[in-house]
Amino acid sequence: MVDSLKILIVEDSEDDALLLIRELRKGGYTPYFDRVDSPETLHQALQEQQWDVVITDHNMPRLNSETVLEIVNASGQDVPIIIVSGIIPESIAVANMKAGAQDYIMKDNLARLIPAIERELSDARVRSAKRQAENTITHMAYHDTLTGLDNRNELEKRLQLAIEKSWQGQQSHALLYFDLDQFRIINDTGGYVAGDILLKQLSQLLKDNVRDSDCLARIGGDEFGVLLESCPPDRALQVANNLLKIVKEFRFEWKNSPYNITASVGLVEINAETSGVAELLSNADMACYLAKEQGGNRIKVFAGEDDELSRKKGELQWITRLNQALEDKQFRLYEQAILPVAPHDQEIRHSEFLIRLEDPEGSIMEPGSFMPAAEQYHLIGKIDRWVIETAFAYLSKMLQQGSTVKDLGVYFISVSGSSLSDASFYSFVKEKLDEYAIPGEMICFELKEATALSQFGPAIDFINSIRQNGCRIAIDGFGAGLSSFSYLKSVPVDYVKIDGGFIGHVDHDPMDCAIVEAINQIGHIAGLQTIAELVESDAVMYKLKDIGVDYAQGNKLDAPHPIGSAILQSA
């Protein structure tokens, strides 16, 4: 197979340059090349073209290899540099290699040229893939994967900046909180594919009708936030009405069936009285909720007094519901296996405890239905403690009935940011470990990546303390909000759970594959074991095995199932 290759030759002898080209053609390449022999022509060639390889002589009338290295490195091009020379002192060759040259070849041994180029091209491809993977991870930290809009992280960052400007007496701003009124109907009738297409179309529609300087973000399933900077309340209301009108006039079609779309909007002014991002989003959410309660397709402007009463009413409903669930034992503990990608005889069993809520009608609710409310209304800490005590009681009974630590293996338990910030949480865990006589090696506490980053101090304190009891630590959702791997150096963890957003298409998406490979490689270098989340196909499992991921978790591999309720009832 003939491959094209862009070669920049730094050589004062045209005959020697032609010898290099002849060698490349013998090796199966069709080179596009340029020959330069001065600093000026070298600068120009680097500005005009991205080169695959630079081949340079050592000693020329107007250039030497050291100067070539300086100019190429300063250009910003990540291009391999190979020195081909008739004679070069060994000390200079070593110095050039330290300065960035990849290889040096004597002109009487050009047989080494093709293997050297192929090696450097392969290394360059690896570097490029890693750069792209890191850039993608950075982008995904602040953008929504489905719609391409900004995500909640970016919106919160921009809101904080807007609030600080307002505190400094600068212009007021506004936040619009959008919630689609008919999204559930479309999801139920057309399925998730229809819902995703609708979200993409509406995202583009909204994007086309806000300023480039505004921050339009997808912050939930069918929820959007718009930060209108330097926008007074009356103007913000005009913008909200215009967007509401545009959404109402939009017609969504799915399989020849038209759907009318409307939205509920909460509007909150950002001014010197705004206390912070959390309160701002809560007020906007409540205003939006009231707009929806009043029939939807309308705007509710947040006004402290009446909305505060409504917010308290909403809080009371959720507080009552979740506290009742704790009191009446309506929460259920489920278990899901974490399976080795390449099993071997000495493999330790791994599982994760998962929480579910049984409603009064007996239906089982997924955590996505109630955990956001538990977090918003500060009940997540109580739920964490229920999970831990229930899990420990279950494991204690299993041990009492004859199961060994080896039989049971390692169980993962998720810990919220609220619990990490609770000074008494570690004492509670330690007390329960002792009370139920649970060996620490059986427990792995799982922290969300975003939680570990946003509450770095409390996270480190908890990790260091709990590891003294033999417990392990996992970082969950790794990569979803990460712009750097550097913090792994200072966080003593045992497992990295690779975010499922990268896993679903890893078998055929080169970018997802590169990201997973990068995370897996760095995890292994750091001495960690890697776990792929949301593995739902054999093809993905085979690809994970090729990459070298240690474990996999997903409903196709093992659907979550209730733990032994009979054992718990006798506890």
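Values computed for the structure shown
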quantity: Anisotropy class of segment 233-388 from Cα gyration tensor, a/c 1.5 cut; calculated: prolate
quantity: Residues whose placed amide H lies under 5 Å from that of Val410, excluding near-sequence neighbours; calculated: Arg349, His350, Ser351
quantity: Long-range HN-HN contacts of Met365 with modeled amide H, under 5 Å; calculated: Leu357, Glu358, Asp359
quantity: Ala303-Asp16 pseudo-label distance in nm [points 7 Å out on the Cα-to-Cβ vector]; calculated: 8.5 nm
quantity: Rough spin-label spacing in nm, given labels placed 7 Å along Cα→Cβ, for Asp546 and Gln204; calculated: 3.2 nm
quantity: For Lys432, net neighbour charge (Lys/Arg +1, Asp/Glu -1) across residues whose Cβ lies under 9 Å away; calculated: -2
quantity: Residue (of Tyr104, Val415, Gln171) at the positive-pole extreme of the chain, dipole from beta-carbon charges; calculated: Val415
quantity: Mean Cβ count within 10 Å, highest first, over the residues of peptides 172-184, 509-521; calculated: 172-184, 509-521
quantity: Amide H contacts of Ile105 (H built 1.01 Å from N, under 5 Å, at least 5 apart or other chain); calculated: Ile83, Val84, Ser85
quantity: In sequence order, calculated HN-Hα J values of segment 383-392 (Karplus, 6.51, -1.76, 1.60; Hz; x Gly/Pro); calculated: 5, 4, 5, 4, 4, 5, 5, 5, 5, 5
quantity: For Cα extents along the principal axes in Å, calculated from these coordinates, the label among (1) 88, 69, 53; (2) 78, 61, 39; (3) 93, 80, 61; calculated: (1)
quantity: Derived scalar couplings ³J(HN,Hα) [segment 511-517; Karplus, 6.51 cos²θ - 1.76 cosθ + 1.60; whole Hz; x for Gly, Pro]; calculated: 5, 4, 4, 5, 5, 5, 4
quantity: Efficiency of FRET between His378 and Gln238 - r from beta-carbon atoms, R0 41 angstrom, step 0.05; calculated: 0.70
quantity: Rounded if a/c under 1.5, otherwise prolate or oblate - segment 484-556, Cα gyration tensor axes; calculated: prolate
quantity: Stretchable slack from His508 to Asp196, in nm (0.36 nm times residue separation minus alpha-carbon distance); calculated: 110.2 nm
quantity: Prolate/oblate/rounded label for segment 1-67 (Cα gyration tensor, a/c 1.5); calculated: oblate
quantity: Net charge contributed by nearby residues that have their C-beta within less than 12 Å of Pro115 (K/R +1, D/E -1); calculated: -2
quantity: Extension gain, Asn469 back to Lys26 (0.36 nm per residue minus Cα-Cα distance, nm); calculated: 153.0 nm
quantity: As computed over segment 318-569, the Cα convex hull volume per residue (Å³); calculated: 133 Å³
quantity: In sequence order, calculated HN-Hα J values of segment 277-288 (Karplus, 6.51, -1.76, 1.60; Hz; x Gly/Pro); calculated: 5, 4, 5, 4, 5, 4, 5, 5, 4, 5, 4, 5
quantity: Net +/- balance of residues flanking Ala174 in space, Cβ distance below 14 Å, scoring K and R +1, D and E -1; calculated: 0
quantity: Computed [θ] at 222 nm, deg cm²/dmol, the chain (DSSP H ≥ 4; -39,500 (n - 2.57); rounded to nearest 500); calculated: -15000 deg cm²/dmol
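Any read-out appearing in this document is the output of simple, stated calculations on the displayed coordinates, not a laboratory observation. Not measured: the values here are computed from a predicted model. Here Cβ is always computed from backbone atoms with ideal geometry, including for glycine, and neighbour counts include all displayed protein chains.
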